[in-house]
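In what follows, a single structure is set out as structure tokens and then discussed.
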Amino acid sequence: MSTSRPARWGAAVLLAGIAASACGAEPASPAEAPGSTTTAASPSTPSGEPPATREALRWDEDHLTGSDGTFTWDVTVPRAAGPSVADEVNRRVTASADHVVEAAATVLDGDPPRLLTGEGTVTTDDGRTVQVVLEFVDSTEGTAHPTTSVTTVVLDVGRERPVVLDDVFDDPRTAFEELAPVVEEIADAAGQPVTELEGLAPKEVNWAAWQSGEDGITFWFQDYQLGGHGTRQYLVPWERVEHLLTPGARELLAPV
């Protein structure tokens, strides 16, 4: 991606792929982003304790900052402390942010100054899962508007491991096919019609950014993915998604 012009959906696919690896299988020996800091913790052994008796996580924040030529980044991420799962949370969140920085850090001679900022938010910490959304703004001096992107992390607290889409849906491809018209309907109702249907194709990369909550599952879509500038997010209510879940996902994600 050239730093002298904004990214379009082709580049956003890369960022969605990063989201998939952040919530999915461990990436194979990822290169560390220049100047970034990563937590080198290993996955912990599940304690077997019910969530109600496990020590609660304590939250603070950390800044991942650095520069490479005309490219500078400053990303704020949540930092967990307390029980053993905190190390895995921090490792996954930091790796997710580092991958976005690494993907964005292409610098060419003569490129104008460029700044990537990001902020992570803990959306869920209920003793069953820890869920974090990281939103980024990539601004190049002299361009009309910045490029935005999003990635998410979901961890099973009891097992101290990420929750991947294969864990969530009995048949992910079938689920994506059923969810696509639901998202179209929700987007239309919000006055944001989907003009790029390929962005809802039944591919994991298109659905990789997600979080669950009391009202349903929210899916995030990258800049230009569904047509037009800007990331989008749409909440699919439980009554329209729960029947697609695995039994384990219902227990882990659905309201109690």
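The values are calculated or read from the model by the stated rules, or taken from the named source; none is laboratory data. Small disclaimer: the values here were computed from a predicted structure and weren't measured. Because the Cβ atoms are built from the backbone with ideal geometry, glycine has one as well, and the counts that use them run over all protein chains shown. The accessibility values were calculated without ligands, DNA or RNA, using every heavy atom of the protein model including side chains. Shrake-Rupley method; radii C 1.70, N 1.55, O 1.52, S 1.80 Å.
A few comments on the model shown:
- Leu235 fulfils the conditions (1) within 22 Å of Arg128 (Cα to Cα); (2) among the aliphatic types (A, V, I, L, M); (3) open to solvent by less than 60 Å² (accessible area, probe 1.4 Å) except for a single criterion, (3).
- Whether a residue is open to solvent by 10 Å² or more (accessible area, probe 1.4 Å), modelled with pLDDT of 95 or more and hydrophobic (A, V, I, L, M, F, W, C) was assessed, and Trp207 does not pass this test.
- Enumeration of residues in region 96-109 that are in contact (Cβ under 8 Å) with a residue 60 or more places away in the chain and part of a loop (DSSP other than H, G, I, E, B): Ala105, Thr106, Val107, Leu108
Okay, residues lined up against (1) open to solvent by less than 20 Å² (accessible area, probe 1.4 Å); (2) modelled with pLDDT under 95; (3) in contact with an Asp or Glu (Cβ under 9 Å, 6 or more places away or on another chain); (4) of a type in the set (Asp, Glu):
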| position | (1), (2), (3), (4) |
| --- | --- |
| Glu135 | no, no, yes, yes |
| Thr143 | no, yes, no, no |
| Asp156 | yes, no, yes, yes |
| Arg159 | no, no, no, no |
| Asp170 | no, no, no, yes |
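- Here region 119-128 is the region considered, the condition is being surrounded by fewer than 23 Cβ atoms within 10 Å (Cβ to Cβ) and touching a strand residue (DSSP E or B) at 6+ places or on another chain (Cβ under 8 Å), and the residue that is farthest from Val154 (Cα to Cα) is Glu119.
- Flag for Thr147 being farther than 30 Å from Arg54 by Cα, touching a Gly at 6+ places or on another chain (Cβ under 8 Å) and either among the β-branched types (Val, Ile, Thr) or open to solvent by 20 Å² or more (accessible area, probe 1.4 Å) (or both): no
- Some residue of region 240-249 being surrounded by fewer than 19 Cβ atoms within 10 Å (Cβ to Cβ) and assigned to a loop (DSSP other than H, G, I, E, B): yes
- Scanning region 66-95 for residues that are hydroxyl-bearing (Ser, Thr, Tyr) and assigned to a loop (DSSP other than H, G, I, E, B) returns Thr70, Ser84.
Okay, residues lined up against (1) touching a residue at least 60 places away in the same chain (Cβ under 8 Å); (2) closer than 20 Å to Arg128 by Cα; (3) among the hydrophobic types (A, V, I, L, M, F, W, C):
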residue	(1), (2), (3)
Val157	yes, yes, yes
Leu165	yes, yes, yes
Pro172	no, no, no
Ala189	no, no, yes
Leu197	no, no, yes
Ala201	no, no, yes
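- Qualifying positions in region 92-116 - out of contact with any helix residue (DSSP H, G or I) (no Cβ under 8 Å at 6 or more places or on another chain) and either open to solvent by less than 40 Å² (accessible area, probe 1.4 Å) or under 30 Å from Arg128 (Cβ atoms) (or both): Val93, Thr94, Ala97, Asp98, Val101, Ala104, Ala105, Asp111, Pro112, Arg114
- Output for region 57-91, where each listed residue is without any contact (Cβ under 8 Å) to a residue 60 or more places away in the chain, under 16 Å from Val132 (Cβ atoms) and surrounded by fewer than 16 Cβ atoms within 10 Å (Cβ to Cβ): Arg58, Asp60, Glu61, His63, Ala81, Gly82
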